[in-house]
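J.: Could you have a look at this structure, given as structure tokens, before my questions?
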Amino acid sequence: PDRTHSSIIDNDYVWNRNQALLTMFQSRFGHCNVPEGYGVGTEYEDLHSWCQEQNVEYQKMCCGEPTTMTPTRKDILVNLGFAGVGENIRKKRTSSKSARSAWTKWMEKLTDYRNEHGNVDVPLKYEPCPSLGTFVNRQRSE
């Protein structure tokens, strides 16, 4: 059997399941800001981390990188009111040439971090560049 086809089907199943859970969460609470630790011991247990992953995948899509985010998935999340998706953070922070240049330099540092560590979970006080953690934290909160 084609392993790639199987993993695509598995990925679609997981994405659709979590999207349905997020829809139920949004219907109940009126927003999509799933708090860390929400639903421990229930089917909602992994929803917070899935939401974080969707923001990462959306940013990959905006940067032209390989991603599991599709235009259809983005539209579904935007229609739910999912924060971050639908707002290209680069556009928000590039109002001037100098801001665009600074943002690009930070993204290069973050890309280097991801290439070295395999993720973008930069600790807040990351050495050798403590301000990289601050930058990532600020991007996630905006």
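J.: Check whether at least one residue in region 128-138 is open to solvent by 50 Å² or more (accessible area, probe 1.4 Å) and within 15 Å of the chain's Cα centre (by Cα), and report yes or no.
T.: yes
J.: Now, a different point. List the pairs whose first member sits in region 15-31 and is without any contact (Cβ under 8 Å) to a residue 12 or more places away in the chain and of a type in the set (Gly, Ala, Ser), whose second member is surrounded by 12 or more Cβ atoms within 10 Å (Cβ to Cβ) and not in a helix (DSSP H, G or I), and whose Cβ atoms are under 9 Å apart, counting only residues at least 6 apart or on separate chains?
T.: Close Cβ pairs satisfying both conditions: GLY30/GLY81.
J.: Just name the residue that is nearest to THR67 (Cα to Cα) out of those in region 92-119 that are open to solvent by less than 50 Å² (accessible area, probe 1.4 Å) and modelled with pLDDT under 80.
T.: TRP103
J.: While we're here: Being over 30 Å from MET107 (Cβ atoms), under 18 Å from the mean Cα position of the chain (by Cα) and either open to solvent by 90 Å² or more (accessible area, probe 1.4 Å) or not aromatic (Phe, Trp, Tyr) (or both): is that true of GLU57 here?
T.: Against the criterion (over 30 Å from MET107 (Cβ atoms), under 18 Å from the mean Cα position of the chain (by Cα) and either open to solvent by 90 Å² or more (accessible area, probe 1.4 Å) or not aromatic (Phe, Trp, Tyr) (or both)), GLU57 does not qualify.
J.: Can you name the number of the only condition in (1) more than 17 Å from the chain's Cα centre (by Cα); (2) at pLDDT 85 or above that HIS5 fails?
T.: Among (1) more than 17 Å from the chain's Cα centre (by Cα); (2) at pLDDT 85 or above, HIS5 violates only (2).
J.: Go through region 60-82 and give me each residue that's hydrophobic (A, V, I, L, M, F, W, C), open to solvent by less than 50 Å² (accessible area, probe 1.4 Å) and farther than 24 Å from TRP106 by Cβ.
T.: Correct list: LEU77, LEU80.
The values are calculated or read from the model by the stated rules, or taken from the named source; none is laboratory data. All values reported here derive from a predicted model rather than from experimental measurement. Reconstructed Cβ throughout: ideal geometry from the backbone, glycine too, with neighbour counts over all protein chains shown. For the accessible areas, the whole protein counts, side chains as well, though only heavy atoms, and no ligand, DNA or RNA atoms are used. Shrake-Rupley method; radii C 1.70, N 1.55, O 1.52, S 1.80 Å.
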